[in-house]
Amino acid sequence: MTPADISEVLIKNRRDNDKALKEVLETLRKKKAANRRKRMVAEVEEVAEEEEKRALDSPKEICGAANGGDDVDVNYKKRVLGYGNFVGGYSGDC
């Protein structure tokens, strides 16, 4: 809230000091709550973006072992889910 906004509220309610002060405080509290929500949303989005980047940067961990995926059972999907009917739309092997 800018000084001009505060002045506007005070001038609008110049006959009732208590009402003017209450309105200024109410407006400041609303803006504070709105800013807090925006920060929380931004933090959640940032964390999600970092997790997505980590997932994209480490495909070896997704495909199995961290040592290059050598000990991954390539036929696991076919045995468990049926031949080529992998749930999730991904049909390639690691």
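Summing charges over neighbours of residue 7, with a neighbour being any other residue whose Cβ is under 15 Å away from its Cβ, gives -1 when K and R count +1 and D and E count -1.
On the basis of the beta-carbon distance and an R0 of 30 Å, residue 57 and residue 34 show a calculated FRET efficiency of 0.30.
We did not get these values from a lab; they are worked out from the coordinates using the rules stated. Fair warning: this is a prediction, and the values are worked out from it, not measured in the lab. In this analysis, Cβ positions are derived from the backbone assuming ideal geometry, glycine residues included, and neighbour counts consider all displayed protein chains.
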